[in-house]
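Right, one structure below, let's go through it.
Values in this text are rule-based calculations from the coordinates and carry no lab data. This is a predicted model, so every value here is computed, not measured. No Cβ is skipped: glycine too gets one built from the backbone with ideal geometry, and neighbour counts run over all protein chains shown.
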């Protein structure tokens, strides 16, 4: 018998954002973080696409077996939510759900352009704020979100010693 997956609260999601902050974020960091996500996805045989953007420039992109072109459209829609709101796409959706509504109903933004579904997380740098986003698409939204958070947590702990 499996235990049902617990949905994180808005407070838990906000705590993730406060904790997962870079000292700096370079091209090499983008490559290393993206490569870590690819390795994780391959180990799990996850059919995902992975994307890292900084200041409007795509620094990393990978599509693994089983991913589809729609994953790239989802990546763009989720990333735009991070860019607009400065918060994880899953957190933005959770905030709306906590108010008893949906992002789609409340934001009045084009759902073909914006998606507050899990999988895109802000790249935040100390002293600079949100400078980009790392995004995964291809799994259920909570799993996309968790994969990104796990990779950021590992990368920041191991590579940057945070």
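Summary of computed values
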read-out: Length added when fully stretched, residue 157-residue 109, from 0.36 nm per residue minus Cα-Cα; value: 13.7 nm
read-out: Relative contact order computed over the chain (Cα-Cα under 8 Å; 6+ residues apart), in percent; value: 27
read-out: Where labels lie 7 Å past Cα in the beta-carbon direction, separation of residue 128 and residue 6 in nm; value: 3.5
read-out: Length released on extending from residue 19 to residue 102, taking residue separation times 0.36 nm less the Cα-Cα span; value: 27.2 nm
read-out: Spin-label pair residue 72/residue 57, simplified geometry with 7 Å Cα→Cβ offset, distance in nm; value: 2.1
read-out: Alpha-carbon centroid distance for the pair region 92-160 / region 16-71, whole angstrom; value: 13
read-out: Of (i) 20.0; (ii) 15.7; (iii) 16.5, the label for Kirkwood radius over Cα pairs in Å derived from the coordinates; value: (ii)
read-out: The chain - mean residue ellipticity at 222 nm from DSSP helices (-39,500 (n - 2.57) per run, n ≥ 4, rounded to 500); value: -15500 deg cm²/dmol
